[in-house]
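What follows is a set of notes on a single structure, which appears directly below.
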Amino acid sequence: MEITQVCPRYKPHIGGVETVVEEIGRRLAAKGHEVSVVTTDPSRSLPREETIDGVRVHRFPAYAPGDAYYLSLSLRSYLRKHPSDVVHAHGYHAFPALFATACPARRLVFTPHYHGHGHTPARDVLLRSYRLLGRRIFDRADAIVCDSAFERGLVCRDFPKHCARTGVVPLGINRREFAALQPYPKDARVLLYVGRLEEYKGVQHAIGALPYLPGYELVVIGRGPYRAELKKLAAASGGKVRFLEGLLRSELLRWYATADAFVMLSGFEAYGITVAEALAAGTPCVV
């Protein structure tokens, strides 16, 4: 079977949606399906095409101000010309899922990863305006799959016509990855955040708490448009914040095991897979 997944970004970028798309694609390819990922690369620095773990990756230039929207007309043109047995579109909050509706596929599966709000006041206004267009994805989809019952509740609230066709498939954890993890040596107690660096993720609140937590440091793993602002805030915290990115999966897992607590202070999450990963490592979470 020919299966095409469509998403705003793909590895080497790190994020919940990227992880979901990677894990689904890798497993489907291992079962003998012909799997491809159609995504964007606003930086134009990554390979236009490559094969990763048996999955063919196609990247297209895009306009993504503030790491948002991911508007790519070349991606849309490609999808219109390349039929597939199944298209699995990810992410209501960016344009690639909308463009996936133009693909002449036998079936369209839609995982919205829906937050119900924009991540800034300006984006929230744009999101409400976008609803007339975004509704097309729900209308076209043969199946709508949410990551959590909470997310399904948001979809049913905002798109009640499609509630009956909306199901829940919770995101999985490979528990074998978390067996016998070796923590890193440390001189202080560690708070850990893993994910994209955006204002709505709330990392700044964890940095602001550090003066009240003697003996703690904060390790921030990820990248994103709010990184520079977070580094400014961290500079005022007495050097108790460490920023890391581009880690191997094995290194990330060791950080989960090293942390004394994991923090996810986000205002909007459909699921929050990093919380599940931290719990799988036996690390308490503040969310």
Original post:
So which pairs qualify, if the first residue must be in the range 131-149 and under 24 Å from Gly16 (Cβ atoms) and in contact (Cβ under 8 Å) with a residue 40 or more places away in the chain, the second must be of a type in the set (Val, Ile, Thr) and assigned to a helix (DSSP H, G or I), the Cβ gap must be under 7 Å, and the two must be at least 6 apart or on different chains?
Top reply: Cys146/Val155
Subject >> Residues being in contact (Cβ under 8 Å) with a residue 40 or more places away in the chain, open to solvent by 70 Å² or more (accessible area, probe 1.4 Å) and not in a helix (DSSP H, G or I) - total across the range 184-213 >> reply: 2
**OP:** Starting from residues that are touching a helix residue (DSSP H, G or I) at 6+ places or on another chain (Cβ under 8 Å) and in a strand (DSSP E or B), keep the ones in the range 70-106 and report whichever is nearest to Asp147 (Cα to Cα).
**Re:** His90
Original post:
Do you know which of the residues in the range 21-56 that are farther than 19 Å from Val109 by Cβ and β-branched (Val, Ile, Thr) is surrounded by the most Cβ atoms within 10 Å (Cβ to Cβ)?
Top reply: Thr40
**OP:** Scan the range 227-268 for residues that are over 12 Å from Tyr193 (Cβ atoms), among the hydroxyl-bearing types (Ser, Thr, Tyr) and under 22 Å from the mean Cα position of the chain (by Cα) and jot them down.
**Re:** Ser250
Original post:
Is it fair to say Tyr216 is open to solvent by 70 Å² or more (accessible area, probe 1.4 Å) and of a type in the set (Ser, Thr, Tyr)?
Top reply: no
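Okay, residues lined up against (1) among the acidic types (Asp, Glu); (2) modelled with pLDDT under 95:
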{"residue": "Val219", "(1), (2)": "no, no"}
{"residue": "Gly224", "(1), (2)": "no, yes"}
{"residue": "Phe243", "(1), (2)": "no, no"}
{"residue": "Glu251", "(1), (2)": "yes, no"}
{"residue": "Arg254", "(1), (2)": "no, no"}
Subject >> Which listed residue, of Arg157, Arg152, Arg140, Arg165, is within 22 Å of the chain's Cα centre (by Cα) and among the basic types (Lys, Arg) >> reply: Arg152
**OP:** Might you let me know whether the range 107-117 holds any residue that is among the small types (Gly, Ala, Ser), under 23 Å from Arg196 (Cα atoms) and either in a helix (DSSP H, G or I) or touching a strand residue (DSSP E or B) at 6+ places or on another chain (Cβ under 9 Å) (or both)?
**Re:** no
Original post:
When Tyr92 is evaluated against the numbered criteria (1) over 26 Å from Asp139 (Cβ atoms); (2) without any contact (Cβ under 8 Å) to a residue 60 or more places away in the chain; (3) surrounded by 14 or more Cβ atoms within 10 Å (Cβ to Cβ); (4) not β-branched (Val, Ile, Thr), which criterion, by number, is the only one it fails?
Top reply: (1)
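The values are calculated or read from the model by the stated rules, or taken from the named source; none is laboratory data. Everything numeric here is computed off the predicted structure, so don't read it as measured data. In this analysis, Cβ positions are derived from the backbone assuming ideal geometry, glycine residues included, and neighbour counts consider all displayed protein chains. For the accessible areas, the whole protein counts, side chains as well, though only heavy atoms, and no ligand, DNA or RNA atoms are used. Shrake-Rupley method; radii C 1.70, N 1.55, O 1.52, S 1.80 Å.
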